[in-house]
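Some notes on the structure that comes next.
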Amino acid sequence: SIASTVRANPSAGFSIVSFTGNNTEDATVGHGLNATPEFVIQKGRTIANYWAVYHAGDPATPHTRLNQTNAGTTVSNYWKSFSNTVMTLPDGGTTLNNVNNNGEDYIAYCFAPVEGFSAMGSYVGNGSNDGSFVYTGFAVKWLLTKASSAGSDWQIWDVSRQPYNVNANTLTPNSSAAESGTSGYAVDLLSNGFKFRLYGSSSNASGVTYIYYALAEHPFKNSRAR
């Protein structure tokens, strides 16, 4: 019901969506993926507001903010639902918490999992040096995590900055901090997934649910072990 400008690559499970909000309950916006998005990041362009995030990995708390450390939530002024064609929006929210205020321009980055290319989901930390293993089915080149059931930093690891395991070089999108080499966030980026090697409140705390998004080093091909 809202006209959108979309640049989409369904084969890679990624689209960029630009639209203008209308403050109307159940308004819909096309995303162009031909698959249901499981990870969406949206920001107002003409209004100062939070980076709104949706992640299907933890249905109990699917909404959070890329620029903050808050735990996940079910706030009513973020998205209502997603299908393989559209995002369904609420009416407008407060200045900082909204995805559909009237007359405001928004940009949304939408992601859907593609076998052999990307993976997104959730895992539960165990607070151990023999940490949780998450299967992705490919060699992981880039990994983003965030606690959804507790407050924590967002964390990014990749094999360009650190090409061998154990990888403890993290970046935190929610802060302006320099790269950290904190051993508490050490992870192995493996040929078929990733595994945490030490306790870290932002990656492997006992009983905490985390969401993640991972990209493959060699998309759609058999990867060599690392």
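A few notes on this one:
- When the Cα positions of 109, 86, 1 are compared along the charge dipole of the range 1-110, 109 comes out farthest toward the positive end, with charges on each C-beta of Lys, Arg, Asp and Glu.
- Sites matching trypsin sites (Lys or Arg not before Pro) across the range 9-80 that sit in DSSP coil, with at most 12 neighbouring C-beta atoms within 10 Å: 45
- Extension gain (nm, one decimal) between residue 178 and residue 166, 0.36 nm per residue minus Cα-Cα: 2.4 nm
- Reciprocal mean inverse distance between Cα atoms of the range 76-152 - Kirkwood radius, Å: 16.0 Å
- Neighbours of residue 81, meaning other residues whose beta-carbon lies under 13 angstrom from its beta-carbon, give a summed charge of -2 when Lys and Arg score +1 and Asp and Glu score -1.
- log10 of Debye I(q)/I(0), alpha-carbon scatterers only, for the chain at 0.14, 0.18 Å⁻¹: -0.86, -1.29
- Alpha carbon centroid spacing (whole Å) that separates the range 1-53 from the range 72-117: 6 Å
- Size descriptors for the range 1-68, from the alpha-carbon set: Rg then Dmax equal 12.7, 33 Å.
- Relative contact order for the chain, counting Cα pairs under 8 Å that sit 6 or more residues apart, in percent: 21 percent
All of the numbers you see were taken from the coordinates with simple rules; none came from a lab. This structure is a prediction, so every number in the text was calculated from the model and none was measured. Because the Cβ atoms are built from the backbone with ideal geometry, glycine has one as well, and the counts that use them run over all protein chains shown.
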